[in-house]
1. Starting from the Cα of ARG303, step 7 Å along the direction of its Cβ; do the same at ARG213; then give the gap between the two resulting points in nm.
2. Kirkwood Rh, Cα Rg: Rg to Rh for segment 135-273?
3. I need the calculated FRET efficiency for the pair ALA415 and ALA153, taking r as the beta carbon distance and R₀ as 41 Å, to the nearest 0.05.
4. For PHE104, what is the net charge nearby, where nearby means another residue's Cβ is under 11 Å from its Cβ and Lys, Arg count +1, Asp, Glu -1?
5. Quickly work out the ALA450-to-ARG93 label distance, labels modelled 7 Å from Cα along the C-beta direction, and quote it in nm with one decimal.
6. Report the calculated FRET efficiency for LEU43 and ARG197 (r = Cβ-Cβ distance, R0 = 30 Å), to the nearest 0.05.
7. Pulled fully out, how much extra length does the chain show between ALA60 and ASP532, if you take 0.36 nm times their separation in residues and subtract their Cα-Cα distance?
8. Computed FRET efficiency, Cβ-Cβ of GLU180 and GLU481, R0 56 Å: what is it to the nearest 0.05?
Amino acid sequence: MTLRARATLGRVLDDLGSTLLEVVAGRVDPSRSIGGVVIHDPLDPPAMPDNALVLGVGLAGPGEIAEVVRAVAADGAAGLVLRLPVDVDAEVRKAVAEEGLVVFGLTRGASWAQVAALLRSLLAVDDLGGVDDETLAGAGAGDLFALAAAVSALLDAPLTIEDLNSRVLAFSADQGRADESRKETVLGRQVPERYTRELERRGVFRALYASDRPVYIDGIEGTQLPRVAIRVRAGDEILGSMWAAVREPLSAEREQAFVDAAKLVALHLLRQRAGADVERRLRAELVATLLEGGPAAPEAATRLGLAAGPACVLALGVPGASGDPGDAGGAGPDAVTDAGLEADLQRVSGAFALHLAAVHPRSAVALVGGVVYGVVPLSGDDADANLRAVAVAEEFLNRIGRRSRVLVGIGDVAAGAAGLSRSRADADRALRVLRTQRRGTAGPRVARLADVQIASFLLELGGAMATERRVPSGAVARLAEYDGRHRSAMVDTLAAWLDAFGDVTAAAAAMHVHTNTFRYRLRRLGQIAGLDLDDPEARFAAMLELRLRAMVEPGSRAS
């Protein structure tokens with residue numbers, strides 16, 4: 001067992017320097033650990049982990065930069081990343097020197113989302129196991145950036161490691177020696193589609209995946225340098241490929257080194273995939289334990305970094321799931337079985353985890369029993385804190401777009417880990433109400449339990465009656481029995497009248513009958529059901545019975 005390299009400022013510069021980041025002010029301590037990545041927001045300051053790298057989106061003026069340098073350094077930040085060119089004057093240099101902070105410049109053309117994802121991928125290497133984890137050929141198991149640098153040194157050529165969809169998993173730090181097309185690929189973490197189309201047309205991928213030897217590719221339109229690629233395979237499974245930007249074909253010695261390196265990269269990819277799966281399962285179990293409450297919840301909160309301070313639970317789901325908790329006869333959130341819906345939930349879980357990591361680094365997200373739960377730490381337990389949780393949910397929904405069917409229920413703020421099970425129950429109830437909205441209606445997509453509490457009570461009452469197989473009995477039941485015998489529409493008439501607030505003209509139009517006919521039916525249904533429509537208590541009882549009947553018998557009029 002060998003001590004694995006930690007995520008430090010030195011590793012950040014080794015892996016991302018010369019491609020994405022450069023030091024513009026301050027002195028780098030290569031051994032200083034990085035505790036997280038946060039985005040600076042002056043209106044809603046994020047929770048700051050120790051030794052964080054702060055992404056200063058939108059910061060430009062030297063006065064503003066100096067102020068932020070002092071503010072984030074006071075919170076224990078290790079560095080501040082700004083968009084190049086950075087206006088560094090004497091005031092900024094003085095603040096950097098006094099606070100011991102490093103200011104990095106982000107190259108133009110790279111998006112903040114890209115640099116955040118890259119930095120978090122470096123941090124994630126440490127999260128795949130303990131600090132005393134195994135190594136493979138001197139590189140931390142699963143540390144693809146270190147391996148890319150090593151293979152690049154062997155070949156003396158800039159290198160990328162890519163998956164089967166041409167997404168860049170890691171790259172060497174010497175991309176400045178490559179051409180513009182390679183730089184575009186690295187900045188986008190994806191080979192541009194115009195290049196993949198040409199490679200497919202020329203049969204490059206077919207030749208690449210059919211051979212254990214490197215493939216030399218020259219004359220790719222839009223590139224200045226040829227490429228040498230080799231597949232990465234474990235047994236019968238092809239995991240991806242490595243691509244080197246070269247000026248000429250590899251020598252026999254370097255070609256063999258490339259072949260040997262591909263076998264090592266396969267081991268690292270398998271180790272990374274296995275580690276990510278283990279971490280995901282462990283995190284889901286910890287989140288589930290925390291949300292269930294009980295004696296094990298405090299330890300789970302500690303391991304997730306949520307032991308201190310108030311927090312609340314957000315429950316994300318999609319409508320129409322089999323066994324949806326919004327269905328009166330459903331089996332609850334554990335009954336989601338549809339494969340398409342399960343895939344949707346997996347995508348939502350990943351997107352929501354990425355979103356929360358940017359705005360609340362100490363948050364936790366997991367897919368538990370067909371619902372995506374997010375535990376969000378907040379800076380207070382008042383009504384404003386709850387509204388901040390609503391803002392987080394709405395911002396996420398805005399980012400993923402209207403085509404998504406995601407609904408979000410929000411629980412009340414809990415003062416500590418012990419109260420999160422109650423917050424989870426509240427979020428589940430709010431989500432259940434959202435799921436019962438009529439299809440095609442432009443109803444809300446986010447709700448707190450306080451916003452939908454009465455509807456939640458009705459759903460719980462209807463669910464309890466459905467479980468006991470009890471059908472509401474009363475005036476509406478008598479009308480339904482009469483309709484069944486005489487093929488009449490007394491229940492529909494009553495429902496239309498109640499929906500129209502007693503407006504006979506509007507109710508008759510909804511039923512497509514003359515107003516006199518409708519009045520006659522009203523008198524008859526009062527006689528049949530023994531219902532006094534002038535009595536507000538009787539009207540309320542009839543409305544409640546209609547609603548409960550719709551929940552217990554989904555084919556009834558009110559549904």
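Any read-out appearing in this document is the output of simple, stated calculations on the displayed coordinates, not a laboratory observation. Values in this document were obtained by computation on a predicted structure and should not be read as measured data. Ideal geometry is used to build each Cβ from the backbone, glycine not excepted, and the neighbour counts take in all protein chains shown.
1. Going by the 7 Å Cα→Cβ label model, 5.0 nm.
2. Values: Rg = 13.6 Å, Rh = 14.8 Å.
Reported Rg/Rh (Cα atoms, Kirkwood Rh): 0.92.
3. 0.15
4. On the way: positive: ARG83; negative: GLU22.
In short, 0.
5. 5.2 nm
6. Working: r = 43 Å, r/R0 = 1.44.
After rounding, the FRET efficiency stands at 0.10.
7. On the way: separation 472, 0.36 × 472 = 169.92 nm, distance 7.15 nm.
Taking 0.36 nm per residue and subtracting the Cα distance, the gain is 162.8 nm.
8. Working: r = 78 Å, r/R0 = 1.40.
Between GLU180 and GLU481 the formula returns 0.10.
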